[in-house]
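I have placed the structure first, in the form of structure tokens, so that the comments after it can refer back to it.
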Amino acid sequence: MTVSELNEQAKTLLETHFSFVEVTGEISRLIKHSSGHWYFSLKDEKSVISTAMYKFSNQSVKFDVKDGLKVTLQGKLTIYPPSGSYQLLANKMLPEGVGELELAFNQLKEKLEREGLFDLKFKKSLPKFPKKVALITSLTSAAYQDMLKVIGSRFKLCEFVAFNTLVQGENAAENIINVLNKVDKMGFDALVLARGGGSKEDLWCFNDESLARTIFALQTPLISAIGHEIDYSISDFVSDHRSLTPTAAMMDLLPDELNLMQGLDMAFDTLTNCVNQKVQKCQNTLDLKILNLKNQALSQKIEKLAISLENKKANLNNIVQSKLVNQTHKLREFELIFYEREQFFKATKNMVQIEKDGKLISLEKLKKEDVVKLYSQNAQKQAIIKS
């Protein structure tokens, strides 16, 4: 037989008897070829075996592979016929001692932390009284509904615009990146990236390196509200503010309307008390001087001082009244804005928005048998155009 025939028969024999093996060892001499394939040696204290892991297999490895990393490989034994080399052909790689996702998370976290993406000096402050906020989440999720409830009960003087995005799955990170790059240029005061709870696999898209770098480069402050209190993602660390839940994000961002009203009342009371105390102090000082000069022929001076005091008191009262009038006008302006928004909400309550293939469309452009989604303020339905 020829050398080629010998190698082919040896290859068949080896693959038949070792069609599945699971081998643990340390990676060394790793080469990541331009084709996408990996070639390396797997060794222990006494032996070494040549190993190959092709592109279609290594694409599923989420952690960073490097020399010195101890792993468990699953695959088969084979021979590379042109050179007669005996090797392990791996189709799955698992890290030793720690879960695959946890290792990938820790590796990326350490990498970005070394680069300074988590430094406090880069964190942008959230606005104290936001006027326009973007909500980036799945519009069909419970998290979105929870945020709307807080918005309705907490602060009504802020405009909110919701952007629908994937929050789970293979394409979610890319989808979120596209939305973030879009809304960052639209003049919002703050962005809220939100998703409800789920498994580590469900939340994995928020551990994407490209997404983390996109968040870091944003010009608009961003709140990351991913999962529950115990869930941490790379997005949490690189964002400007981390909220424990989507509901907590609204609490962190929006001022409490009732507290603001109480604050105005307390400020008014404080100002009134301050003015009264000042006036009373001046009155006491005047009374004391009058008492000291009672037996002296200075009645005209006292009368003059009394008139001056009355004038100052009148001026002070005018100033206070002016400020109170200004504050009253501002309060009325807020009430008018609130009333207008409330009327707009009522007027548009029964209106719907039509969306086809993920884009807004007018009614007159729809054709028979078109499948559309109808959105109102509080509900979503799917419909088919019949005529």
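Just give me the residues in the stretch 158-183 being open to solvent by less than 40 Å² (accessible area, probe 1.4 Å) and either closer than 15 Å to residue 127 by Cβ or in contact with a Lys or Arg (Cβ under 6 Å, 6 or more places away or on another chain) (or both), in sequence order. Selection gives 158, 167. In the stretch 3-73, counting only strands (runs of 3 or more DSSP E) that sit wholly within it, the ones holding 3 or more residues that are in the same structural domain as residue 83 (by the TED database) and within 40 Å of the chain's Cα centre (by Cα) span 21-32, 38-43. Scanning the stretch 309-365 for residues being within 27 Å of residue 270 (Cα to Cα) and polar (S, T, N, Q) gives a total of 9. A Cβ distance below 7 Å, combined with a sequence gap of six or more or placement on separate chains, defines the contacts here; from the stretch 1-17, residues that are surrounded by 11 or more Cβ atoms within 10 Å (Cβ to Cβ) reach residues that are among the charged types (D, E, K, R) and not in a helix (DSSP H, G or I) in the pairs 15/76. Check whether at least one residue in the stretch 193-215 is part of a strand (DSSP E or B), on the phi < 0 side of the Ramachandran plot and open to solvent by 70 Å² or more (accessible area, probe 1.4 Å), and report yes or no. No, the stretch 193-215 has no match at all.
Here is a list: 132, 76. Which entry is of a type in the set (Lys, Arg), assigned by the TED database to the domain that holds residue 21 and either at pLDDT 90 or above or farther than 30 Å from residue 3 by Cβ (or both)? Walk me through it before giving the result.
Values: 132 fails: assigned by the TED database to the domain that holds residue 21.
Of the residues listed, the single one that is of a type in the set (Lys, Arg), assigned by the TED database to the domain that holds residue 21 and either at pLDDT 90 or above or farther than 30 Å from residue 3 by Cβ (or both) is 76.
The residues listed here are 91, 106; of these, the one that is within 16 Å of residue 207 (Cα to Cα) and either among the aromatic types (Phe, Trp, Tyr) or open to solvent by 50 Å² or more (accessible area, probe 1.4 Å) (or both) is 106.
Restricting attention to the stretch 25-45 and to residues that are in contact with a Lys or Arg (Cβ under 7 Å, 6 or more places away or on another chain) and of a type in the set (S, T, N, Q), the residue that is most open to solvent (accessible area, probe 1.4 Å) turns out to be 35.
The values are calculated or read from the model by the stated rules, or taken from the named source; none is laboratory data. None of these values were measured; they are calculated from a predicted model. Neighbour counts are summed over all protein chains in view; Cβ atoms, including those assigned to glycine, are modelled from backbone coordinates with ideal geometry. SASA here: full protein model, heavy atoms, side chains in, ligands and nucleic acids out. Shrake-Rupley method; radii C 1.70, N 1.55, O 1.52, S 1.80 Å.
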